C-alpha cells in the first residue's frame with residue numbers, strides 16, 4: 001500500500017509572532033533580578049542615580065528688615081537672613097546673589113555691609129554681637145555667598161549688619177536672589193529685597209578753627225603739651241575735633257575745645273593742627289598749625305623709655321637682681337617693666353638722679369666697682385643693676401646735648417653711658433666710656449603710660 005504524504009502548509013506571520021512572544025516571556029520569567037522601567041521624567045543626580053518624583057523649592061527671608069531710612073551717618077541695623085529648603089529634594093548648594101534692583105549705585109555704595117554665619121539661630125544676630133570671623137565690604141561682594149547642602153525642611157541662618165558710612169541722600173533697593181540646586185538644570189529660585197533710604201544729606205562741612213583762632217599751647221611740661229582752640233561753626237552742629245601731631249592723628253576731643261597730648265619726649269618740638277567734624281561725618285579743613293616744645297627737665301612722677309639714638313633700641317635690665325646686665329633690646333621684647341625707668345632726685349646737691357625700674361624694684365643703674373682695680377673709673381667699665389645705696393657710682397646726671405637728645409653721665413667717673421662700638425645689635429651690654437658726643441652715647445627719654 002502506498003502512503004501519500006501531504007506537504008505542510010506555510011507558516012503565517014501571526015504564528016511566528018506568537019512563538020516569539022512565548023519564548024520572550026519564558027526567558028524573562030526565568031531570569032533573576034529586577035527591571036526598572038525607564039521614565040521620561042526621571043532627573044539625573046550625582047553618581048548616575050535618578051529620582052523621578054521631587055519638587056525643589058527654596059525661600060530667603062529677613063533681609064528686607066535691613067531696609068528703612070538711615071537718617072544719620074553711623075546708623076546701624078543687624079538682621080538675620082534665613083535660607084530654607086521648602087521642597088522635598090536635597091539642595092546640594094544654594095547660591096545667594098545680590099543685585100541693585102532699583103535706585104542709585106551712589107546710595108547703595110554709602111552702606112558698609114558685614115556678614116557672618118552660618119549661626120545656630122536667628123537670636124545670635126543682635127546689635128551687640130561680635131562675630132569671631134566675618135566678611136566686610138560693599139553689598140555686591142559681601143552678600144554674594146553660597147549655602148552648603150540643605151536637606152528638605154532644613155534652614156541656614158546668617159547675620160547681616162548694614163551701616164550708613166557716607167553722608168548722602170538717595171535710595172537703593174537691593175535684592176537677594178537665592179538659587180537652590182538639586183542637580184544640573186534642576187533648580188529653584190526665590191528673592192528677598194531690602195529698600196534702603198539714606199537721608200544723611202548734610203554735606204556742609206564745618207568751618208575750621210582759623211585765624212585769629214589758631215590753636216594755642218598751654219600747660220607744657222617735660223612730657224605733655226596742652227592745646228586749646230576756638231569752636232568751629234557748622235550749619236547743623238560740630239560734634240568732635242581731631243588733633244594731629246606732626247601730621248598724624250593722635251586723638252579726638254569729643255567736642256571739647258581743649259586737648260592734652262601726653263607721653264611725649266623731653267625737650268622736643270611738636271607741631272599740631274586741628275579739624276572739626278559734624279554729625280553727618282563732614283570734616284572741616286585743617287586749622288593753622290601751632291608748635292610747642294616740651295620742657296627739658298625730668299618729671300619724677302613719670303616713667304620713661306630710654307632709647308639709644310644710634311641703634312633705636314631700648315635700655316633694658318635682664319632681671320631685678322644684683323649683678324644683672326643692662327643691655328639694649330628691641331623695645332617691648334623684654335617686658336615693659338624691664339624697659340621703663342623712674343628718675344629720682346638723689347638730693348645730693350649735684351643735680352643727679354638714681355635710675356631704677358618703675359615697678360618699685362630697688363635695683364638701679366650702677367657702675368660696677370668690682371670690674372677692676374680702678375674701681376669704676378675706667379673706660380669699658382660695665383654698667384649693671386645693683387641695689388641702690390646712694391653711692392656716687394649709682395648717681396647719674398642727665399644732660400641735654402641737642403633738642404630732645406640727652407647723655408647720661410656717671411657722677412663717680414664723669415664718663416657717659418655708652419653702647420660699645422656703637423653697635424646696633426640687640427643684647428649688647430652697656431658700659432661707661434669717655435664722653436665723645438657720638439650717638440652711641442645719645443639717648444631720648446620718652447614718657448610712657
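Readers should treat all values here as calculations from the given coordinates under stated rules, not as data from a laboratory. Keep in mind the model is a prediction, meaning the values are calculated, not measured. Positions of Cβ are backbone-derived with ideal geometry, glycine not excepted, and every protein chain shown enters the neighbour counts.
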Next on the checklist: If I model the stretch 378-449 as equal point scatterers sitting on the Cα atoms and use the Debye formula, what is log10 I(q)/I(0) at q = 0.25 Å⁻¹?
Outcome noted: -1.24
Item to check | Projected label distance in nm at residue 239 and residue 391, using a 7 Å step from Cα toward the beta-carbon | outcome: 6.4
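Output needed for the stretch 216-293: three equivalent-ellipsoid semi-axes, defined as square roots of 5 times the C-alpha gyration tensor eigenvalues, in descending order, whole Å.
Computed over the stretch 216-293, the values are 24, 11, 10 Å.
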Checklist outcome for this item: In nanometres, the difference between 0.36 nm per residue of separation and the alpha-carbon distance of residue 93 and residue 301 is 68.4 nm
Item to check | Where the Cα pairs of the stretch 58-199 fall when distances are cut into 5 Å bins, in % | outcome: 2, 11, 21, 23, 18, 13, 8, 4, 1, 0
Next on the checklist: Between residue 72 and residue 217, what is the label-point separation in nm under the 7 Å Cα-to-beta-carbon projection?
Outcome noted: 3.6
Checklist entry - Could you work out Rg/(2.2 N^0.38 Å) for the stretch 304-428, with Rg from alpha carbons only? => result 0.98
Checklist outcome for this item: Per 10 angstrom bin, beginning at 0 and ending with the bin that holds the maximum distance, the Cα pairs of the chain fall in percents of 4, 14, 14, 11, 12, 12, 11, 7, 4, 3, 2, 2, 1, 1, 1, 0, 0
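On full extension of the chain, what length is gained from residue 191 through residue 134, given 0.36 nm per residue of separation minus the C-alpha to C-alpha distance? Before the final figure, lay out each step's value.
On the way: separation 57, 0.36 × 57 = 20.52 nm, distance 2.31 nm.
The span from residue 191 to residue 134 would gain 18.2 nm if fully extended.
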Checklist outcome for this item: Cα gyration tensor of the stretch 340-406 diagonalised, 5x eigenvalues square-rooted, in angstrom largest first, produces semi-axes 20, 16, 12
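Using just the helices of the chain, give the 222 nm mean residue ellipticity in deg cm²/dmol: DSSP H runs with n ≥ 4 each add -39,500 (n - 2.57), and the total is spread over all residues, rounded to 500. If you can, show how the numbers build up before the last one.
Working: 3 runs with 27 residues, N = 449.
Helix contribution divided over all residues of the chain: -1500 deg cm²/dmol.
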Item to check | Label zone at residue 325 (point 7 Å along Cα-to-Cβ), backbone N below 19 Å, the stretch 381-416 | outcome: 381-387
Checklist entry - How many nm is it between the label spots at residue 336 and residue 263, if each spot is 7 Å from the Cα in line with the beta carbon? => result 0.7
